[in-house]
Structures are given as C-alpha cells and as structure tokens.
Amino acid sequence: ALAQATVARASACRLAVSPTCAPRSVVPGVMALLVVTGAALLGAAAGNLVPGPPPTIANPNPLAGKQFSTEYTAEYFDVYSNPIRTRYAEVHWTSHGNLPLPEAIVERFRNKTMAIVGYEVDQVYQTPDGEEPVPITSAYNHHYGVWIFSPHATMVHRHAHGSHRLQGCGSVGGRFWDAVTDRDAPHIDGGIPHTQFFSEGNGGEMRRSYHGYPKGYAQLMWSPTKWSVTPMQVDTKNREHKGKGFKAGPLPRSSLAPPNASYSGLVECPCTTRIRRESYMAYAALREGSCGERPQNASECFMAAGKVAQSAGLVNRTVHNSSMPPGCSIDVDEAIWNDADSSITCGNGGAFQRVVGTASSVVNLTVDLQQGDAGAEVTITISGPAAAWFGAGFGADSMCQHWDADECSGGPYAIIVSGDSVVERRLALHGAGAELEPSVVVKSNAVLGEVRTVVLTRPFQGKTPQHFSFDISKASEKYIAAFGHDLNFARHARHAGGTMSFQVVGQRSCICRDGMRHSINGRQFPYPSACQPAPASDLLTQHNPSCYGETYSGGLWCCVHGELLLDADQDAPAEIQEYRLKFRFYFEEYTPGPTPSHTNLIRLYHQTEYAQGEYDIVPCLPGTPAQECVQVITARWKVRDMMQPCSNRDGNECTGKDSTDATKIAGVHLIYAGPHCHAPDCLSMELYNADTGRLLCSMAPEFGASDEVYDELGYVALPPCLWGDAEEGLQPPELLSLDTELLSIKRNNNTIGHYGEMASWQMRGVLIPREPLPEEGQVVQGWHMVAHKSADDDDFLV
C-alpha cells in the first residue's frame, strides 16, 4: 500500500526494490501502524523531497545576473532508517548498523563510481494511507551521521574507552559503532573513496537547509552497496496535547525553557535527577615547592602514589625524617610517607634535566625525556607480544584527539612495531591513518621468550606538525596502547588508554591532593577542561559552565541512548511514537579520464567551540535591553588544522596523504560551507580569512513562523555558502593556503540560557596542487579580473 501510494505521487519514478510492506497487528498506543523494510525508490527529480519554497544559499553572486538554483534535477534513490520507537522524553542515539542500498543502485554501479551531488532528509510516519511528515516539534533531530559504503567498508561494533565515553553513539555496555575501510581495499584510480560521510546541515535545520553542490562537484563513491545512519533524536511530542500547534510536555527541573516556549526544553538535553553524578579526590606529583593540601596518612599516600606513578614495582616506605619533605613523596621507584614535621620543600630548587614516565597496560611503555648540552632527546621503550604488532600513541587516550558529538577531528601520533619494522603514523579514527616521515632511531629490537622489546630515540620536537612534540615541563601526558592478532597492522586485539605521569630523576616529587574530579553516569568529565584558551576558542577565557564538571548542567553528556530526559519522580506516558528517517540521495554518472566529469569534495571540519563540542548560552544580566542580549564566541585556526593526511581511499575525514605538505599543495578552494547551530537562539555565524580580513561566509538563520510542518515556529533553516561558476550564479572560490588563518564569529541571543549549543563549520572543498615554478626563459601568461563598484553611482568598472 505504501509503495503504491508513493509511486502514484512521485513523477517519473519506478520501484527499484519491492518493499516488505505487510500490515502488522496494532500495538496499543503505537502511532505508526506500518513497517516498511528496505523500501526504496529510483527516479528522476521533479521537485524537491521537502515541499515549499526551495532552500537558499547565504552568498549569492550579485554580479552573476542569475540566481543559483537549489532545486535538485538529478536522478535519486530513497532509503529509510530502521524504525525509531520512543516514549515521550526518550533519547534515541545509536547506529542502525549496516542497511542495504536498492538492488538497482548496487547493480548499476557495481565496480563503478557514483557521483553523489546532493541529498535531502525528512522524518516520516508510515501509515496505510502513505507517508506523513513528523513535525520537528514531535521528534527533534539533534544531529545525524550517514555513511555509504563499498563492499570493502562497513560499520563495526567496537569497545569504547577513553574519550569515546563522551559519546551517546549507542555505546551501551561500553560499545559503540564505527565506520571502517578494509586495509586491503583496492586503490581506485583517481583516489575514489570506499566510504563517504554525510552530516552537513544536520540537526533541527536538516529539512529546509540545502545539501547540494555546484555543477562538476560531488562526493565520489566506489561501487556503493550499503549505508548506515546514526541519528540523535529526542522525543518531544506531548501525548496529552491533542490540539493544533505545539505545547510542551513535562520538563525536568533543570530545563531552561520558559513557559509557553515555542520549543521543548528537552532538545537541550538538561541533566536530570536520573543522571548519576559523582565527585572524588584526584592526586598529582609536585616537582617544586610545597603541597597546598597533602594526603592525610600513609594509606592515602601509598594509594595516591600508585595512581600517579602507574608502576607495579613501586616500593612503599614509612619514615620519620625532618630532612625530607613532610607527608607523601615519590621518586622513580619508591613512595615514602614521612610523618615528621619538616620545612623541607619538594624538589632540589634547581632546574631538572631528566624525567621518566612508565605505564603498564596491554603493552609496557617507558618514556625517558632528557635534555642537555647535546640537545633534547626522548628514549622510548615499548614491550609487547613478539608474534603480533604493537604500539603506543601520545597526546590522546583514544584514537580520536577531539570529539564533537559523533564527529572526530582526527587521531594521534603513534609508533607501531611489527617484527623488525618500526613505523610512525598519524592515526585516523579507528583507521591506519598515514605513515609519517621517519624521525626515530631504533637502538635495539630484541625478543626474549614471547616478548619483543624495542628501544628507540627521537628529538623532543616533532619533525612535522603531524609528529607529536614532547615537553619535559609537563608532569603528565595522555597515551594509548594496543596490540594486534598478528604482525599485519590491522584491527587491534586489545587496547588501552590513560595518563602517564613523569617523575624527575634524582629528586623527590611530592604527592598532593589535586582537587575534586567529577563523573557523569560513570564517565569521567575531562580534566583539565577540554575547553581551549584563545585564540583556539573563547570558552575557557569566558569560563563557560560547560567546561567544568561541577557546573555542567545540560548537553551531550546527559543525553544517553534509551534514557528519559525526565527527573526520577517523573514518568513518561506508555504511548510509543514510531517513525523513520528518510534520505533521498541525488546522483549522476561519473566519467573518469584526464578531465573527469566530477571533482571529489573532501571534508573540512572545525568548531568555534574547539575541542569542547558544545557550550552553554549564559543569560545576559537582568535589566539588559533585549537587543543587547547577544553572546559572542570566536575561534582562530589554520587551514592545515582541518587536514587529515590519510588516503582518500578511506573516505570519511581523510583529506589525502599529501594534504599537509605545502611543497605539493598550494591550498584549498572551499566549495560548500555549512554552519551548524541550534534553534531558537542562534543569530549568526561568520567565517573570515583572518590574514586579509575578507569575509568568506556570513549566515543568518531563517526561522519558521507557523504551526505547519517544515515551518515550525522558532526552528531554523541554515543557508550554506557555496562557491563555483558565475554562470550558475555563484561567487568564485578563494585560494586559501595551508597556513591561512581562519576566524569564526558566532552570535547567540542570550535573553535566556540554553544548554548544548554548537558552532561548527561542516565544509567541503578541493585541494589545489602547487604548480611547478617556471623554468628560466619560459613565457608565463595569465589574467585576473577585478570588479569594482563606485561608491557614488551604479557603474561597475572592470
């Protein structure tokens, strides 16, 4: 029935897959009465999926003489998520696993390249009478991530650790879903990816924001066979309200939404009394001076020393010695509790030249930092199984350095040992990443029994920005460790992550109480704060409440898959809301060759709230005029910071192995820039070339103004910026070198407070190769056109 009704309404469409479309027995209280598995259509576009006026872009070209068309004209196919079944206030945040693409699409593009030129999103009830759109006020999409895979890539279920525990991601039971490309996936001419990721314009703005590209640009995809979606949805449908329009249902006490708001306070993920919060004492080693607060007895001392040193061989000893620092102290291999009164301070009052850190987990790791007249050198000793690869990474406690919801900014630097081979890499998120230029010197590589031990050295300073740089002044550093099933560097068999403490050689460090730490539902809140100082972000300077565990009151940490955003003494109605997400992908045939039909767009991503992933909107002071209630944050970063130098074959966030090499890459052309922020407080986002002061993109949300679906009051559409050919009505792209500094400025209405706001740039672009310098005597010709508008008349000078 659904297929017939849909085909009857769709122009020039035919069934590509026969849907399993059998009516099922009615479950009491279930709003959707029909399940369709694998339903898909293949057709040619005759109007957009989302009805109403076509979406807009933020930067039309006023000199082009025509308007860029956001009406899709390419062929398309439709796919549906698994059913989403939730109670009021329930969070749905999990992967839907691997889902099939239409058989006709799989056969048509078997061992061929598809050019995906855009997509649309909707959420629909499926009923015996056809599809009905779900109001955004009934089911709120906070964000989504979508992947399309070749036969050589897939979604896998992994164990979570370290910073992964920040994510909802369906990581119930310490597991989460991840997109992975096979190590032996073939390299396709032109660097065609085996995986493509889609998230631009995701969230409450998903349906009315434009997700298309200019002519000749696409996300290229080799031999697509399956797809996956990880949506974050919040059920906001008030089961008691039967009238027209929106009326909020019950809210937890921590909700900041005022009475009669046009939105539900649930969309901001307020922390409820169902959330388990704990606080505990942390400890740190003090190299110089005296503790502000010491452990109180020997038992606390030895427990704290073991946590700080992470050494199984630490010897504990109690003394009464007035010539030693009082209380708890430690050196490389001994912890001492001194119960004598003493004025002796920690350290020896002089500069130290050597520190050592150890960590025993799935591998044994020692890092020895020593600086002297000959320079600054680190000696790294790693021991692991002789029959398998093993390694360690630095600067992160997981394979992602910074998370933003379900998106990762890239993996850490790592050293991988496989037999006699020692390789340095910049990891991708659960991928091999890119091999780096060697900087280590292998001093020894020996096997004793079943254990291989490798000793190597390298300078403190990383050889390139992709290499990690060690700092002897830091008392600790995050690390990851893993080993594999065999000598082939592939998916790990076991892994671990943590923080390594460094002890000064030749002097004692004091063990001090280091203040309270906080956890939310058993997950340790980041300390030090993930918020970064200016110019990377303003959040730390502004002491944003989201930066600290003790003041965190709402956002991603409190949105957990399957949980209710209600207080413990509030119950949700039993009535279930059932619907699906619907994606329509527009595609064209791809023609390879010296001048291919389409250029692949790489993903370029950055956050104005860098490394934190979200932030609070703090209310303006009482009595402030409404027009002055504006909260501003900024961030600065370089173009190269968005590069992930791994093979284009792996897709996702990879930008190409040479993408950070300025000798080969002149820079990038931005083609699509999608800002991401939330209703109802987002006012604007701007992106500048900070080196020239040139405004690249300025976006002001378009707010809904009625009770009608697709125009819900207060919810937003976010027009992206596009660059391309003037014949299409677009501005030409500006070449941004790898070292160009970008500036983002985000403004929010802060008449009232809000949790979990975001300010990210989800962008697509192309790498511009550096042309070789002309040879002596070579004639070089070129031209450049500049249009200038006189200030006092309408004439243009060219």
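The values are calculated or read from the model by the stated rules, or taken from the named source; none is laboratory data. Not measured: the values here are computed from a predicted model. Cβ: placed from backbone, ideal geometry, glycine included. Neighbour counts: every protein chain shown. Heavy atoms of the whole protein, side chains included, go into the accessibility calculation; ligands, DNA and RNA do not. Shrake-Rupley method; radii C 1.70, N 1.55, O 1.52, S 1.80 Å.
Could you tell me how many of the residues in the stretch 280-301 are over 13 Å from Arg513 (Cβ atoms) and modelled with pLDDT of 95 or more? Of the residues in that region, 2 qualify. When Gln233 is tested against the conditions (1) under 30 Å from Asp571 (Cα atoms); (2) in a loop (DSSP other than H, G, I, E, B), the lone failure is (2). For residues in the stretch 495-519 being in contact with a Cys (Cβ under 9 Å, 6 or more places away or on another chain) and buried (at least 21 other Cβ atoms within 10 Å of the Cβ), which is nearest to Phe470 (Cα to Cα)? So the residue we want is Ser509. Name the residues in the stretch 558-594 that are in contact (Cβ under 8 Å) with a residue 12 or more places away in the chain and farther than 26 Å from Arg239 by Cα, would you? The answer is Phe583, Arg584, Phe585, Tyr586, Phe587, Glu588, Glu589, Tyr590, Pro592. Please work out if Ser95 is of a type in the set (Gly, Ala, Ser) and out of contact with any Ser or Thr (no Cβ under 9 Å at 6 or more places or on another chain). The answer is no for Ser95. Selection over the stretch 130-160 of residues that are among the hydrophobic types (A, V, I, L, M, F, W, C), touching a residue at least 40 places away in the same chain (Cβ under 8 Å) and assigned to a loop (DSSP other than H, G, I, E, B) gives a count of 2. Under the condition of being among the small types (Gly, Ala, Ser) and within 30 Å of Gly245 (Cβ to Cβ), the residues counted in the stretch 255-298 number 6.
For the residues Thr318, Thr366, Thr358, the requirement of being within 19 Å of Val504 (Cβ to Cβ) and at pLDDT 90 or above singles out Thr366. Scanning the stretch 477-514 for residues that are more than 31 Å from the chain's Cα centre (by Cα) and in a strand (DSSP E or B) gives Gln503, Val504, Ser509, Cys510, Ile511, Cys512, Arg513. Taking the stretch 100-124 as the range and being of a type in the set (Gly, Ala, Ser) and open to solvent by 20 Å² or more (accessible area, probe 1.4 Å) as the test, only Ala104 passes.
The rows are residues; the columns are (1) open to solvent by 20 Å² or more (accessible area, probe 1.4 Å); (2) of a type in the set (Gly, Ala, Ser); (3) farther than 28 Å from Asp178 by Cβ.
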{"site": "Cys629", "(1), (2), (3)": "no, no, yes"}
{"site": "Val632", "(1), (2), (3)": "yes, no, yes"}
{"site": "Gly651", "(1), (2), (3)": "no, yes, no"}
{"site": "Gly674", "(1), (2), (3)": "no, yes, no"}
{"site": "Cys677", "(1), (2), (3)": "no, no, no"}
{"site": "Ala690", "(1), (2), (3)": "yes, yes, yes"}
{"site": "Val709", "(1), (2), (3)": "yes, no, yes"}
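Criterion first (farther than 23 Å from Phe198 by Cβ, at pLDDT 95 or above and among the aliphatic types (A, V, I, L, M)) does Leu718 satisfy it? No; evaluated as a whole, the condition is false for this residue. Within the stretch 211-227, being on the phi > 0 side of the Ramachandran plot and open to solvent by 10 Å² or more (accessible area, probe 1.4 Å) holds for one residue alone: Gly216.
Among the residues of this structure, Val441 counts as one that is among the β-branched types (Val, Ile, Thr), open to solvent by 30 Å² or more (accessible area, probe 1.4 Å) and at pLDDT 95 or above. Which residues, counting only those in the stretch 726-745, are outside any strand (DSSP E or B), of a type outside the set (S, T, N, Q) and open to solvent by less than 50 Å² (accessible area, probe 1.4 Å)? Matches in the stretch 726-745: Ala726, Glu728, Gly729, Leu730, Pro733, Glu734, Leu738.
For every residue, the table says whether it meets (1) surrounded by fewer than 19 Cβ atoms within 10 Å (Cβ to Cβ); (2) under 28 Å from Ala679 (Cα atoms); (3) not hydrophobic (A, V, I, L, M, F, W, C).
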residue: Val229; (1), (2), (3): no, yes, no
residue: Lys237; (1), (2), (3): no, yes, yes
residue: His241; (1), (2), (3): yes, yes, yes
residue: Leu251; (1), (2), (3): no, yes, no
residue: Tyr280; (1), (2), (3): yes, no, yes
residue: Gly289; (1), (2), (3): yes, no, yes
residue: Asn297; (1), (2), (3): yes, no, yes
residue: Glu300; (1), (2), (3): yes, no, yes
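Evaluate the following for Ala705: is it under 20 Å from Leu604 (Cβ atoms) and surrounded by fewer than 19 Cβ atoms within 10 Å (Cβ to Cβ)? Spelling it out, it is not the case that Ala705 is under 20 Å from Leu604 (Cβ atoms) and surrounded by fewer than 19 Cβ atoms within 10 Å (Cβ to Cβ). Within the stretch 486-507, residues that are farther than 30 Å from Gln371 by Cβ sit with their Cβ atoms under 6 Å from residues that are in a loop (DSSP other than H, G, I, E, B) and of a type in the set (A, V, I, L, M), at 6+ positions apart or across chains, in these pairs: Asp486/Ala388; Arg494/Val362.
Just so you know, in the stretch 476-494 the residues that are in contact with a helix residue (DSSP H, G or I) (Cβ under 9 Å, 6 or more places away or on another chain) and surrounded by 16 or more Cβ atoms within 10 Å (Cβ to Cβ) include one that is farthest from Glu288 (Cα to Cα), and it is Ile480. With respect to (1) under 19 Å from the mean Cα position of the chain (by Cα); (2) open to solvent by less than 20 Å² (accessible area, probe 1.4 Å); (3) among the polar types (S, T, N, Q), the lone exception for Gln466 is condition (2). Residue-level check: of (1) surrounded by fewer than 16 Cβ atoms within 10 Å (Cβ to Cβ); (2) part of a strand (DSSP E or B), Met763 misses just (1).
Output the residues belonging to the stretch 337-395 that are among the charged types (D, E, K, R) and open to solvent by 50 Å² or more (accessible area, probe 1.4 Å). Matches in the stretch 337-395: Asp339, Asp341, Arg354, Asp373, Glu377.
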